[in-house]
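The values are calculated or read from the model by the stated rules, or taken from the named source; none is laboratory data. None of the values given here were measured: they were computed from a predicted structure. Cβ coordinates were reconstructed from backbone atoms using ideal geometry, including for glycine residues, and neighbour counts include every protein chain displayed.
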Amino acid sequence: MSEDHKLRLSVSHLLDIPSLSREDIELLLHRALQHKRHLAEKTDVTQTLAGKVILTLFAENSTRTKSAAIMAAHRLGAKILDWDEKTSSSQKGETFSDTIRYLSAFGPDAIVIRHKDYNAPYYVAKQVKCPVINAGDSWRAHPTQALVDALTLMELKGRIEGLTMAICGDVAHSRVAQCNMALFHKLGGTVHLVTPDYLRPEKIPYPNVKLFNSFEEGLKGCDAVMMLRIQKERMDQSLIPDDAAYFNEYGLTHDRLAFAKPDAVVLHPGPMNRGVEIADEVADDPHRSAIFHQADNRVPVNMAALDLFLP
Amino acid sequence: MSEDHKLRLSVSHLLDIPSLSREDIELLLHRALQHKRHLAEKTDVTQTLAGKVILTLFAENSTRTKSAAIMAAHRLGAKILDWDEKTSSSQKGETFSDTIRYLSAFGPDAIVIRHKDYNAPYYVAKQVKCPVINAGDSWRAHPTQALVDALTLMELKGRIEGLTMAICGDVAHSRVAQCNMALFHKLGGTVHLVTPDYLRPEKIPYPNVKLFNSFEEGLKGCDAVMMLRIQKERMDQSLIPDDAAYFNEYGLTHDRLAFAKPDAVVLHPGPMNRGVEIADEVADDPHRSAIFHQADNRVPVNMAALDLFLP
Amino acid sequence: MSEDHKLRLSVSHLLDIPSLSREDIELLLHRALQHKRHLAEKTDVTQTLAGKVILTLFAENSTRTKSAAIMAAHRLGAKILDWDEKTSSSQKGETFSDTIRYLSAFGPDAIVIRHKDYNAPYYVAKQVKCPVINAGDSWRAHPTQALVDALTLMELKGRIEGLTMAICGDVAHSRVAQCNMALFHKLGGTVHLVTPDYLRPEKIPYPNVKLFNSFEEGLKGCDAVMMLRIQKERMDQSLIPDDAAYFNEYGLTHDRLAFAKPDAVVLHPGPMNRGVEIADEVADDPHRSAIFHQADNRVPVNMAALDLFLP
């Protein structure tokens, strides 16, 4: 819990997975696991961030990411300064840049930001003097999500290296997919993308990523299957079929899951749209679904990010 | 402030009055009184909940209930994780059940919930591992309100047993009325309901409750008179007369209050609509109105609920 | 940090500048400077307000004032009870007066209030038992802003006495202008108002304030130039020209700034509308703009107000 760990992170901000080294990722996962153990034992967690103030700046809706960050801050003893865009001066014509300079002048010890614009967290990181944790930007980066997913797989499968994970559904608009591909690339796993044509990403970013149209081919040999919600809010809705038709073609059922390895686990970053991309029988299957196991890992991963990145 | 007290509560959640024993109610009121005394003496309250995190989940508007819960948590040293439905993933098609499972995975030490649906707090209590405090659901339960009212009467009248209280106005839509009837039933008081036909409840739940149409009959022999706001948001507004006409027929004035015992006190759970169900002359009468005395009891009652139910 | 300082303030609430004595202002500025130094040295600030709860009651939008108040409370160890008008019972017909009596019954240790109505903070101060800090009301008072501006000038110019500051733009609707005129009056400075006819205040409140129509005359001999945003939300918009035309006539450029003293500094309370009342070249000029220096002073000034006014 001290200086020696902090020296070992190779970066000052948690902006995305590609900017982390393999060692950074392993350190973050290791620390998250420690926190998870402490929380489970109900032993008092060291209040390592007592006296610190975390600025949360969420310009997009969120339940789980924001709540997990706040809970993590509370468990470490830090306080929250929440910036609410809806009641802020951006309504009075202030530029984003000026808002950031102002908030930075108030001296937060870290900033957790979610923003619809691709560049926002990177821009903020350059403007401010404290660490910035990207809690999701555009369709591109969401590093704590990828760390949550990796921690879940580490616990269930013991490793990422050598694993094959299918990522299915709306890959085109998914920062979760992007970050997981990057993390599997860093750690030596393989990713199968299973998507209809209209939800296929424009390019395949890494050689360890392969593209499939059908569950039958795409799930073959997979150790994990990650389902994604259709991000209707990011697309022209006339392009997608109705929910029932989509489920018929791309919803995960037990029949389809059978194409994967017999012990393959099912992940979903949430929020789930049941009956659209995933059937209840899969989401609630205690032997296959790791979805609420992922949920359990959110606070520990956020605690690791906060205490490793904070000075 | 310790285990011996906690063992004495017969339930794990504060869901409603009927599920509490008479001893539970007395223990909660006793503890609330202790907290009230400590707060008044400005002696430092023991931070018995330091390190704890309370999840507040308010899916209906509230000033006093939510603020009192948060203030109580602060005074006991606990932190707040506030879940805001408006910026949450229920907007992205997530089921309430999944949202609750997620929030539960984040490990709150207690949940304070207000919800328009009858069953919501009970459902949550079954899903989660921590105590749930119902801060009001539907038209049915609002146990901390009934405890606030009972504490006020205990202080002013010394007892509930043997007391008669009139509850007047919109009984049909009032969880406050429901909970007070239940509490008077448990503790041996009598309730007179004074309502126009169109605001009469469908059934009378207890033998100690009697129904009246007029203040003259209903207030006779009463030690306390509780006025209720018309919950316009819960009804077809064409059914009710305009404010002036309602006041004329069912507003509490000094003339009407004179039908009760000479030392009868006036209660109102708030928010008051002055000039509708209550006249200024009554609301602000320092000798008769206990309305802001009720307000004084909200934080102590919430402190008692938090520290007795938390593990 | 103790009783001897508190005795020296002549008032119980921070409502406006005119109610403060010159000594009050100097004490507040002195304390703010101490806090600023402590924050900069990253030495642990004494948690002088640990266990205290500050009620923040913002009935108008705000980024910087509210965030600075919350950050100041956090740095002093106090907790926040935030009252959100939008989800409150004022929506259910409760009077402002009753809401305040209720919130006061919950026992906050101080109230920080922003309200569109002229009289609101004064009314609250009379109703409650704790200190009230006015964070801006109507077009009239915003004392912490004036203290921020004064602290900035003290640091850059060493004094207010004998200084001349131009306040330019929408003076008519500006509580910032009102408070700065009052503060310059108290401390012996001179103010030049530079405004178009349609943004001129109805009356000139102090003999040390003079009125000008042009930058050329108004900026002559000035040590500081404060630019104001047009408060479109407070006026009939048909009265004002479009942004480009306004900038052409009343936007601050380097050419216009040249009418002031060569070392004159530029202030702006924010939010800035760049390209309307101020050019980027001025706002971002490191030698002339003190705008983000003002930002740096917000948290220290709020810390001074909280710790000096709290009992």
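Candidates in the stretch C:272-281 are the residues that are in contact with a Gly (Cβ under 9 Å, 6 or more places away or on another chain) and not polar (S, T, N, Q); of these, the one that is surrounded by the most Cβ atoms within 10 Å (Cβ to Cβ) is C:Ile278.
Among the residues of the stretch B:59-89, how many are within 17 Å of the chain's Cα centre (by Cα), free of Cβ contacts under 8 Å to residues at least 40 places away in the same chain and outside any loop (DSSP other than H, G, I, E, B)? Total satisfying the criteria: 2. Scanning the stretch A:223-245 for residues that are at pLDDT 95 or above and closer than 24 Å to A:Arg140 by Cα turns up A:Ala224, A:Val225, A:Met226, A:Met227, A:Leu228. Selection of the stretch B:90-148 for residues being over 16 Å from B:Ala69 (Cα atoms) and under 13 Å from the mean Cα position of the chain (by Cα) yields B:Ser138, B:Trp139, B:Arg140, B:Ala141.
Just checking, which of B:Leu211, B:Leu228, B:Leu193, B:Leu257 is in contact (Cβ under 8 Å) with a residue 40 or more places away in the chain and not assigned by TED's automatic domain parsing to the domain that holds B:Leu15? Break it down stepwise before answering.
On the way: B:Leu211 fails: in contact (Cβ under 8 Å) with a residue 40 or more places away in the chain; B:Leu193 fails: in contact (Cβ under 8 Å) with a residue 40 or more places away in the chain; B:Leu257 fails: in contact (Cβ under 8 Å) with a residue 40 or more places away in the chain.
None of the others qualify; the one that does is B:Leu228.
Across the stretch B:241-260, the number of residues qualifying as within 15 Å of B:Cys168 (Cβ to Cβ) and assigned to a loop (DSSP other than H, G, I, E, B) comes to 5. In this entry, B:Ala258 passes the filter for residues that are at pLDDT 95 or above, more than 20 Å from the chain's Cα centre (by Cα) and of a type outside the set (Ser, Thr, Tyr). Selection within the stretch B:135-165: residues that are in contact with a Ser or Thr (Cβ under 8 Å, 6 or more places away or on another chain) and of a type in the set (Val, Ile, Thr). The member of this set that is farthest from B:Glu26 (Cα to Cα) is B:Thr164.
Of these, B:Asp284, B:Asp296, which one is free of Cβ contacts under 8 Å to residues at least 40 places away in the same chain and out of contact with any strand residue (DSSP E or B) (no Cβ under 6 Å at 6 or more places or on another chain)?
Values: B:Asp296 fails: free of Cβ contacts under 8 Å to residues at least 40 places away in the same chain.
Testing whether each residue is free of Cβ contacts under 8 Å to residues at least 40 places away in the same chain and out of contact with any strand residue (DSSP E or B) (no Cβ under 6 Å at 6 or more places or on another chain) leaves just B:Asp284.
Kindly state which strands (runs of 3 or more DSSP E) lie completely within the stretch C:91-191 and contain at least 2 residues that are under 20 Å from C:Ser289 (Cβ atoms) and not small (Gly, Ala, Ser). Let's see the steps before the verdict.
Values: elements: C:110-115, C:132-137, C:164-168.
Hits in the stretch C:91-191: C:164-168.
Scanning the stretch B:293-311 for residues that are under 15 Å from the mean Cα position of the chain (by Cα) and surrounded by fewer than 19 Cβ atoms within 10 Å (Cβ to Cβ) returns a single hit, B:His293. Filtering the stretch B:46-58 to residues that are within 23 Å of the chain's Cα centre (by Cα), within 11 Å of chain A (Cβ to nearest Cβ) and not β-branched (Val, Ile, Thr) leaves B:Leu55, B:Leu57. Look at (1) more than 10 Å from chain A (Cβ to nearest Cβ); (2) part of a helix (DSSP H, G or I) and you find that C:Gln294 fails only one, number (1). Selection of the stretch B:138-169 for residues being modelled with pLDDT under 95 and closer than 20 Å to B:Asn273 by Cα yields only B:Trp139.
Being surrounded by fewer than 17 Cβ atoms within 10 Å (Cβ to Cβ) and modelled with pLDDT of 95 or more is a property that holds for A:Asp284.
In the stretch C:186-209, the residue that is modelled with the lowest pLDDT out of those that are surrounded by 15 or more Cβ atoms within 10 Å (Cβ to Cβ) and among the charged types (D, E, K, R) is C:Arg200. Does B:Ala182 satisfy the criteria of being at pLDDT 95 or above, touching a strand residue (DSSP E or B) at 6+ places or on another chain (Cβ under 7 Å) and aliphatic (A, V, I, L, M)? The answer is no for B:Ala182.
Look through A:Ala73, A:Ala105, A:Ala78 and report the one residue that is within 11 Å of another protein chain (Cβ to nearest Cβ) and under 30 Å from C:Leu228 (Cβ atoms).
A:Ala105
Which residue out of A:Ile133, A:Ile160 is of a type in the set (Val, Ile, Thr), out of contact with any strand residue (DSSP E or B) (no Cβ under 8 Å at 6 or more places or on another chain) and under 17 Å from A:Ser21 (Cα atoms)? Please lay out each step first, then the result.
Details: A:Ile133 fails: out of contact with any strand residue (DSSP E or B) (no Cβ under 8 Å at 6 or more places or on another chain).
Every option except A:Ile160 fails the conditions.
For A:Thr46, the conditions (1) surrounded by fewer than 19 Cβ atoms within 10 Å (Cβ to Cβ); (2) modelled with pLDDT of 90 or more; (3) farther than 29 Å from C:Glu60 by Cα all hold with the exception of (2). Output yes when any residue across the stretch C:22-42 is crowded, with 24+ Cβ neighbours inside 10 Å and either touching a Ser or Thr at 6+ places or on another chain (Cβ under 9 Å) or closer than 21 Å to C:Gly107 by Cα (or both), and no when none is. No - not one qualifying residue is present in the stretch C:22-42. The set of residues in the stretch A:215-240 that are surrounded by fewer than 16 Cβ atoms within 10 Å (Cβ to Cβ), away from chain B (no Cβ under 14 Å) and in a helix (DSSP H, G or I) comprises A:Glu216, A:Glu217, A:Ser238, A:Leu239.
Please verify whether C:Arg31 is touching a residue at least 24 places away in the same chain (Cβ under 8 Å), more than 12 Å from chain A (Cβ to nearest Cβ) and not aliphatic (A, V, I, L, M), treating the condition exactly as stated.
Working: touching a residue at least 24 places away in the same chain (Cβ under 8 Å): yes; more than 12 Å from chain A (Cβ to nearest Cβ): yes; not aliphatic (A, V, I, L, M): yes.
The answer is yes for C:Arg31.
Which residues, taken from the stretch A:270-291, are within 11 Å of chain B (Cβ to nearest Cβ) and part of a loop (DSSP other than H, G, I, E, B)? Hits for the stretch A:270-291 are A:Gly270, A:Pro271, A:Met272, A:Asn273, A:Gly275, A:Val276, A:Glu277, A:Asp284.
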